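Report on one structure; see the data block that follows.
The values are calculated or read from the model by the stated rules, or taken from the named source; none is laboratory data. Note that this is a predicted model, so its numbers are computed, not measured. Please note: Cβ atoms are built from the backbone with ideal geometry, for glycine as well, and neighbour counts cover all protein chains shown. Please note that ligands, DNA and RNA were not included when accessible areas were found on the heavy atoms of the full protein model with its side chains. Shrake-Rupley method; radii C 1.70, N 1.55, O 1.52, S 1.80 Å.
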Amino acid sequence: MRTQLTLLQGGLVVLLIGSAILFLVGSTIERNHRHHEAAAKSSEVSGGEKSKNGETAGEGSKPTESHAVQASGEAGATILGVNTESLALSIVAVVLSFVLAGMIWLGTWPRLVLLAVLGFGLVFAAGDGRELVHQLDESNTGLAAVATILLVLHLAVAGLAAFLLRPRSHSGVPATEPA
């Protein structure tokens, strides 16, 4: 039997899917931006260095150690040993968001799922706040705007999940169970 969605549950599904898509777009833009910066720095390093005899570094020269480190690893903050800006973590976050949205849509384990959505929204809002500060520090206004929108969306996800978790009121508004 198909569970009838309330308007608030439908809104939560839309917020989860929309924030996942915007998160994926924003992280892809940032990763692409970082890739172009690293490529520009590598061309400056390889093209502008001179050897001891005055010749410009060419094909036979080895890249500097700092260049090799920049090119091989992704930049980003590590929290508890996890790179918060890795591609794998971005994919996991998007998939988790879609799974949570699907579980809200289907109405499976409503209270447990809403608690997971609440935690998910708060954790990602904290990460969005950190990213907003980072992008403002880097004077990246476009990515700062994306981080701001994501911060608002994730706070809305957490707030709506908390609202749906509250017990039934006398007005007849259901918390999580279908009417």
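Return the residues of region 87-99 that are farther than 17 Å from V13 by Cβ and buried (at least 16 other Cβ atoms within 10 Å of the Cβ); say none if nothing qualifies. Of everything in region 87-99, just one residue is farther than 17 Å from V13 by Cβ and buried (at least 16 other Cβ atoms within 10 Å of the Cβ), namely S90.
Of note, G119 does not satisfy the criterion of being open to solvent by 70 Å² or more (accessible area, probe 1.4 Å), among the small types (G, A, S) and modelled with pLDDT of 65 or more.
The requirement of being open to solvent by 30 Å² or more (accessible area, probe 1.4 Å), touching a residue at least 40 places away in the same chain (Cβ under 8 Å) and under 15 Å from the mean Cα position of the chain (by Cα) is not satisfied by F163.
Checking each residue in region 100-112 for being hydrophobic (A, V, I, L, M, F, W, C), surrounded by 13 or more Cβ atoms within 10 Å (Cβ to Cβ) and either more than 12 Å from L16 (Cβ to Cβ) or under 20 Å from the mean Cα position of the chain (by Cα) (or both) picks out L100, A101, L106.
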